[in-house]
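The values are calculated or read from the model by the stated rules, or taken from the named source; none is laboratory data. In this text the structure is predicted, and so the values were computed from the model without any measurement. Note that we place each Cβ from the backbone using ideal geometry, even for glycine, and neighbour counts take in every protein chain shown. Side chains included, ligands, DNA and RNA excluded: accessible areas come from the protein's heavy atoms. Shrake-Rupley method; radii C 1.70, N 1.55, O 1.52, S 1.80 Å.
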Amino acid sequence: MTNLCNHLQQNGLTVYRVSKQGETLSVLNNNTGKIINIIPNIPSLEKFIKQLKKIIKAEQKRTNSYWIQLAQISQTFKNHYQISISEVVSKHFPGKRARDIFIHYPNEFVIHQIDEKSELYVALFEIGDSQELDSMETMPENSVSSCLVPNIKSKTDLEEALKQIIRIM
């Protein structure tokens, strides 16, 4: 590489040497000797989770599917934020992989993988999906759905609702 560097400089080109130490990227201008340190802008964990959820929601709308491949999420994240999911995860969870962020937050994400060699799929963990609620409203009054959403204010109310469900089934 030194020969290439010298040859490029002899032909009038400016040569930069790039090195990385930890999270800091250093760029050295060989002509001036000036060093520029670049520290990647790694978001807080809370902001990172919000960014992932935003990307997953957008991909779900775009593909019309709840399950999104981790590879697609990673690519979209890198394109949008100019940093990889792996870099953010390694900052907040040293030694962990990108997939581990989805495992570490089961209240935010749901993952699915057929076997260890297959692609990992991710969906958002959302309670009270509006489509499910809409379909429940259109069901007949005497169906199971009419007793799934009763006013349960006590243990006794819960027991009665369960008894009702069992009777209907």
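Assuming R0 = 35 Å, what is the FRET efficiency of Tyr105 and Asn64, from their Cβ-Cβ distance, to the nearest 0.05?
The calculated FRET efficiency here is 0.90.
Within a Cβ distance under 11 Å of Trp67, other residues only, what is the Lys/Arg minus Asp/Glu net charge?
Numbers: positive: none; negative: Glu59, Glu119.
Computed value for this residue: -2.
With every protein chain kept in place and ligands, DNA and RNA left out, what is the accessible area per residue of segment 4-135? Probe 1.4 Å, answer in Å².
Roughly 69 Å² per residue, with all protein chains present.
Name the residues whose placed amide hydrogens come within less than 5 Å of the amide hydrogen of Leu124, ignoring near sequence neighbours (fewer than 5 apart) on the same chain.
Answer set, sorted by chain and number: Val110.
With a Förster radius of 30 Å, plug the Cβ-Cβ distance of Ser118 and Lys91 into 1/(1 + (r/R0)^6) and report the FRET value to the nearest 0.05.
0.60
Roughly how compact is segment 37-106, stated as its Cα Rg over 2.2 N^0.38 Å to two decimals?
Working it through for segment 37-106, the quotient is 1.10.
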